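Before any comments, here is the structure.
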Amino acid sequence: MAITVKFVGAFRHFSGTSELILERKGCISIGEMVNELVIELPMLKKSLVDKQLEDLRPNALILVNSREIGVLNGLETKLNDGDQVTLVPVMHGG
């Protein structure tokens with residue numbers, strides 16, 4: 001199974017690439033994919049995962065085939081062969 005992961009903005013900088021292909025056997029969820037990414041790309045964890053919450057949702061908009069995971073099954077959304085995941089940083093201010 002091949003999944004295309006696209007990195008936008010600061011995530012592109014911290015991952016060192018704009019896109020990569022994940023090859024996996026069997027089904028994988030968004031949450032599992034993110035866990036694998038931050039292990040493979042430790043610099044990405046600093047910008048992707050909220051330090052206090054140990055959660056990525058406040059810092060990222062995650063799209064699967066152009067649909068936000070909030071309208072799917074959140075971090076439990078299962079990925080299929082050929083899916084495209086896009087990670088977009090969310091900036092907070094005040």
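Throughout, read-outs are computed from the coordinates displayed, never taken from laboratory work. Please read all numbers here as calculations on a predicted model, not as lab measurements.
Numbers for the structure displayed
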read-out	value
Helix-only [θ]222 nm of the chain, DSSP H runs n ≥ 4, -39500 (n - 2.57) each, per residue, nearest 500	-7000 deg cm²/dmol
Taking all pairs of distinct alpha-carbon atoms in segment 2-89, Kirkwood radius in angstrom	12.8
Rounded to 10°, Cα long-axis angle of helix 30-40 versus longest principal axis of the chain	70
³J(HN,Hα), Karplus 6.51/-1.76/1.60, whole Hz, each residue of segment 71-80, x for Gly, Pro	8, 9, 10, x, 5, 8, 4, 7, 9, 10
Beta bridges per DSSP with both ends in the chain, % antiparallel, nearest 5	80
